[in-house]
Each structure stands twice: as C-alpha cells, then as structure tokens.
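What follows is a single structure, written as structure tokens, with notes after it.
The values are calculated or read from the model by the stated rules, or taken from the named source; none is laboratory data. Just so it is clear, the model here is predicted, and its values are computed rather than measured. Positions of Cβ are generated from backbone atoms using ideal geometry, with glycine treated the same way; all protein chains shown enter the neighbour counts. With ligands, DNA and RNA removed, areas are computed over all heavy atoms of the protein, side chains included. Shrake-Rupley method; radii C 1.70, N 1.55, O 1.52, S 1.80 Å.
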Amino acid sequence: MTRKDPSGGLIISPIRNGTVIDHITAGEALNVLRILGITGSTRECLSIATNVRSKRMGRKDVVKIENRELRTEEVDRIALLAPQAKINIIRDYRVVEKKGVEIPEILKGVVRCPNPGCITNTNEPVESTFEVLPKGLHCLYCDWLVKDDIANHII
Amino acid sequence: MYHIISIRDFERSDLDYLLDRAGEFDTGKYRPQALDDKLVALLFFEPSTRTRMSFATAMARLGGRSIGVDSVEASSIVKGETLADTIRVVSSYVDAIVLRHPKEGAARLASEFASVPVINAGDGAGQHPSQTLLDLYTIRQSMPIDGTDVGLLGDLRYGRTAHSLALALSLYGVTLHTIAPGGLEMPANITLELRERGMEVIEHANVEEAIRELDVLYVTRIQRERFPDSASYYNVASSYRITPDLFAGVRDHLMILHPLPRAGEIDPAVDQTPYARYFEQARNGVPVRMALLHEVMK
Ligand SMILES: Nc1ncnc2c1ncn2[C@@H]1O[C@H](COP(=O)(O)OP(=O)(O)O)[C@@H](O)[C@H]1O
Ligand SMILES: [Mg+2]
Ligand SMILES: [Zn+2]
C-alpha cells in the first residue's frame, strides 16, 4: 500500500492487523461489505477501492478491514460473489497468510431460497441448503434453481 | 431408514422394484396381515380425499392401522408449533408417517426430524412420489414404459404431478411431448434437466398435432386462478379439452390418464371410450401405496 498516491490525491493508511480482500470482481465490493455485516456505523478502519486497475483482472475491487479475520461462512459467501478473490491476513503490517476462496459443494445458511413456498422460508428450525451445480444453486428442499442475481439472495 | 420423499431420489432399478412389488400386492401375492402390528400416522395439513383414503385403505388391506388428522385438526395441533416438533412427537407414537403439507420441501424436513420413515404424500407445488409411481404402474400394466411417446397436457408450469412424472419417465427412454397453454409451459429449468437426463422433449402447439403420435396422453388440471379473468380461462380450457372427436387415427392402445379430480379437462363422453384409463389409474393408488407402506415398515 502506498502512503503517497503518485497522483498526489488519495491516501490510505496501512492496517496493523486485519484482512485485505483483494481481487474482488469489479463492482462487488459493496456486496462483500454487506455479507460481512459492515455498515456505516462500523468503528473499524475500513478502506474500499473499486474499479482499480489490475494486471490480472483488468479492473478489480479491494476491501481492507482492520481488526477482523473472516469466518468460514463469510469466506463461502464471498466466494459466490467473487470467485477470484484473495484473502490476505495482515498481522503487524505484514501479510502472514494468503488464501483463495472456494465455493463449497453445499451452501448451508448462505443463500435464501427465492421460492416463497419453500419450507426453508418458514419458522422451521432448518437452514437453507443449496447444492452448487454448474448451472446454478439447487435448493435441496424445494428443488428451486437460482441462476441469476445470486448476490441479492445471499443472507 | 427408508424415506420416500422425491422421485429425484430414485434410480430406475428402485422404481422397477417398487412397481414389481405393487404388482404382487395387486394380484394378492402377499401375506394378508403383513403389517398387523404397525401403526401409521396420516398427517394431512392440506385437504386431500383421494390420497389420504388410498393410504388408509392400503394400510387396512395389510392388516395395519392408521391414525390421522385432517387439515382442520392439523392446524389446531400445531398452534404455532413447528412441523419439526410435530414430527418429533408423532414419531414417538407410530411406525411411519405419511405427510401432506402446503410447503415445498416439508417432507424432506420431516425426514430429518423423524425417528420413523416418512412418506411424502405431496408437499405444496413440490413432489408427490406415490402419484408418480401409480402413474408409471398404470402405464406399465398396458405396455413396457421404455421408448414410449408420452404427452403431457395442461398446466405444465405449476403442475407438480407433471414434473415428477416427466423426471421419472426420463429414466425409461421415453419421448416427452408437451402441450401447454401460453404462460403455463413447462419451466425452462425442468425442460433443461430432462434434456440433461437424455430425454427428448418435443413441444406442441395443440393436442390435435400430437395425439396421433402418442402412446399415453396425461392430462392435468388447468386452474382457473392462473388466469386474469374467467373469459380467458374458458377460452383456453375449451381449446385444451379432450373430446371423443380427437381420437380419429390415434394408436389403438392410446391411454388417457389424469391424476383426478378432473374439472372440465376431459369430456365425460371420453369415459365410454377404450382410451379412458383414469379410473383404473386411481384404483392403482391402493396397491402402489401398499407397496410403499410395506417397503418402509417391513
Ligand atoms: N499492512 C497492510 N495494510 C493494508 N493493506 C496491505 C497491507 N499489507 C499488504 N496489503 C495489501 O494486501 C494485498 C496483498 O499484498 P501482497 O501479498 O504484498 O501483494 P500481492 O498479492 O499483490 O502480491 C495488496 O493489495 C496489498 O496492497
Ligand atoms: Mg497485487
Ligand atoms: Zn427452496
């Protein structure tokens, strides 16, 4: 992270401990924040860069959050939106761990079933369960197939 | 434990086995009191006469007993109780549960909380596997299912019996002919799934165009509430109505099936023709359900 932007404008402070989610599909940074439950009232130091130039991806988004490491369920959700994202764990200003994200075969409690008649949209003690198929997400309760707009169904 | 939840859970060999068993129950080849120490709960959270009665009949024919609640009592049982809790409690009373519920996936959920086998007797717009089995059974009584031409007519968009029958038929090398009014066509993802399973699916504009190519014509209900007004409903319903004059030049062994109850889809004059097989089909509900009950509790 450069302290001084070459163009002389933007300055983002490095974080001491936290997470950098790099290589997010351009335009998905705000959805990533939503998944992480980060709202305007969050106290942590947070920086978001959208549509930045990337050698690998053309354009990408980057999210940096201080004092926060991600839980597996959060990583699974991010994988759905940004399969190429890289998660960098920062400790004492240094990247100590770097990992890709992977969409699991079964998503439990991650996506809300769009079928209003589905038993998972009731007060039953059951989590939505989707099987991840090449053609979309298949609800294992009602057989609904979620093909488009998966971001909007993420819980 | 053996649950019967969705036709998707079955392979061809499982279906054939259950159909063979149903054939044995149909022809009296079974121990008459085979389930005399068994008790089944018929939990119907949604109205149904036929399905409920045929499960009760099947159980009685096997010497077993059933206890049950119908939709009215069922809604008072729950009083805010979850289905999961109801199932846990009822599981401790009986040897198997037959469930009809308005929510899709309810039977799958029930099977996760039950300590006894669960048979899905219809979950909302979802699955109704015992209906599909009796449909297959009825076809197989007259001809081998393999390689036949089966037409599905009516509301193929919301009709659950049509979807699960089509899925089952895809295991038998059947060519599927779909005939549906505009707006009620088979959902694209189901057609895709059928084609992925190797099924040939041919869409037809009207029944006249398809009927002479068919071995089976499966008629389903077109519901009034799917249309904006009665005029458009009557218009569509009358153009999809099966009448005896459609039978000129059809195959001799053509069978007309319908899951019943019918509204106006089939002219009563069709009942007198040799093609009408829907009452036989309804009757087959009993041996098929005997086979299912016996299978899960034996
Ligand atoms: N202390 C830090 N504070 C904020 N961002 C950091 C920090 N350390 C590294 N990063 C960012 O984390 C990402 C991964 O860092 P690094 O492994 O050095 O680079 P790359 O993955 O691009 O080879 C980069 O976007 C980098 O800017
Ligand atoms: Mg980089
Ligand atoms: Zn669902």
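Quick check for me: using +1 on Lys/Arg Cβ and -1 on Asp/Glu Cβ, what's the dipole size of the protein assembly as shown about its Cα centre, in debye to the nearest 20?
On the way: 54 positive and 60 negative charges, 366 e Å.
Around 1760 debye, computed over the protein assembly as shown.
Taking every pair of alpha-carbon atoms in region A:106-153, what share in percent sits in each 5 Å bin, from 0 to the bin with the longest distance?
In order of increasing distance, the bins hold 5, 26, 36, 25, 7, 2, 0 percent.
Show me A:81-90, B:115-124, A:37-46 ranked by packing, highest mean number of other Cβ atoms within 10 Å first. Before the final figure, lay out each step's value.
Numbers: A:81-90: 19.0, B:115-124: 23.8, A:37-46: 10.7.
Per-residue mean Cβ counts within 10 Å order the peptides as B:115-124, A:81-90, A:37-46.
Work from the charge dipole of chain A (Cβ charges, +1 for Lys and Arg, -1 for Asp and Glu, about the Cα centre) and give the residue of A:L30, A:I65, A:I78 farthest towards its positive end.
Value computed over the given set: A:I65.
Sorted by packing (mean other beta-carbon atoms within 10 Å per residue), highest first, where do A:69-78, A:97-106 land?
A:69-78, A:97-106
How large is the Kirkwood hydrodynamic radius of region B:203-282, counting all unique pairs of alpha carbons, in Å?
Result for region B:203-282, one decimal place: 13.3 Å.
Between the chain alone and the structure with every protein chain in place, find the residues of region B:93-108 that drop at least 10 Å² of accessible area; heavy atoms, 1.4 Å probe.
Buried by 10 Å² or more upon assembly, which counts only protein chains, are B:K103, B:E104, B:G105, B:R108.
Given a 1.4 Å probe, how much area per residue of region A:106-153 is accessible, in Å²? Display every interim value, and only then the final one.
Working: 2170 Å² over 48 residues.
Result: 45 Å² of accessible area for each residue.
For region A:106-153, with all protein chains present and a 1.4 Å probe, just round the carbon and sulfur fraction of the accessible area to a whole percent.
Here carbon and sulfur together make up 52 percent of the probe-accessible area.
Which of B:G159, B:I190, B:L217 sits farthest toward the positive end of the charge dipole of region B:109-229, with +1 on the Cβ of Lys and Arg and -1 on the Cβ of Asp and Glu?
B:G159
Between B:E24 and B:R212, what is the spin-label point distance in nm, taking each point 7 Å from the Cα along the Cα→C-beta axis?
So the two model labels end up 4.5 nm from each other.
Within the set of other residues whose C-beta is less than 15 Å from the C-beta of A:A151, count the net charge using Lys and Arg as +1 and Asp and Glu as -1.
-2
On average, how many beta carbons from a partner chain sit within 10 Å of the beta carbon of a residue in A:121-134?
Shielding by partners across A:121-134 averages 3.
Need the list of lysines near A:K64 for cross-linking: C-alpha distance under 29 angstrom, and skip anything on the same chain fewer than eight residues off.
Those lysines meeting the cut-off are A:K4, A:K55, A:K86, A:K98, A:K99, A:K108.
Using the crude model of +1 on Lys and Arg Cβ and -1 on Asp and Glu Cβ, and no other charge, please compute the dipole size for region A:106-153 relative to its Cα centre, in debye to 20.
Details: 4 positive and 6 negative charges, 16 e Å.
Rounded to the nearest 20 debye, it is 80 debye.
Determine the share of region B:123-195's accessible area contributed by carbon and sulfur atoms, expressed in whole percent, with a 1.4 angstrom probe. Don't skip to the end; give the middle numbers.
Numbers: 920 of 1840 Å².
Carbon and sulfur atoms account for 50 percent of the accessible area of region B:123-195.
What residues of region B:1-44 lose no less than 30 Å² of accessible area with every protein chain in place versus their chain by itself (probe 1.4 Å, heavy atoms only)?
Output list: B:R8.
Per residue, how much accessible area does region A:2-100 show when a 1.4 Å probe rolls over the protein heavy atoms, in square angstrom?
Dividing the accessible area of region A:2-100 by its residue count gives 60 Å².
When you look at the Cβ of every residue in B:84-90, what mean number of other chain Cβ atoms sits within 10 Å?
Taking the mean over all residues of the peptide, I get 1.
Where the accessible area of region A:2-100 is counted over protein heavy atoms with a 1.4 Å probe, how much of it, in %, is carbon and sulfur?
Numbers: 2820 of 5910 Å².
On region A:2-100, the fraction of accessible area on carbon and sulfur atoms equals 48 percent.
Past the 22 angstrom mark, what percentage of all C-alpha to C-alpha distances in region B:130-282 do you count?
35
With +1 assigned to the C-beta of every Lys and Arg and -1 to the C-beta of every Asp and Glu, and no other charges, what is the dipole magnitude of region B:1-61 about the Cα centre in debye, to the nearest 20?
220
Sort region A:2-100 into rounded, prolate or oblate with this rule: let a ≥ b ≥ c be the square roots of the eigenvalues of the Cα gyration tensor; rounded if a/c is under 1.5, and if a/c is not under 1.5, prolate when a/b is larger than b/c, oblate otherwise.
Rounded shape, in that the Cα axes give a/c under 1.5.
Angle, helix A:72-81 long axis vs. longest principal axis of chain A, Cα atoms, 0 to 90°, nearest 10?
90
Write down the accessible area per residue of region B:1-118 in Å², having rolled a 1.4 Å probe over the full set of protein chains. Can you show the working numbers first?
Values: 5470 Å² over 118 residues.
Value for region B:1-118: 46 Å² per residue.
How charged is the neighbourhood of B:Q141? Take every other residue with its Cβ under 15 Å from the Cβ of B:Q141, and add Lys/Arg as +1 and Asp/Glu as -1.
Details: positive: B:R21, B:R140, B:R277, B:R283; negative: B:D16, B:D20, B:E24, B:D26, B:D135, B:D146, B:D215, B:E280.
Around B:Q141, the surrounding residues sum to -4.
Note the buried accessible area between B and A here, summed over both chains, with a 1.4 Å probe, in Å² to the nearest 100.
What B and A bury together is about 1400 Å².
Inside 10 Å of the C-beta atoms of B:110-123, what's the mean count of C-beta atoms belonging to other chains?
Taking all residues of B:110-123 together, the mean is 1.
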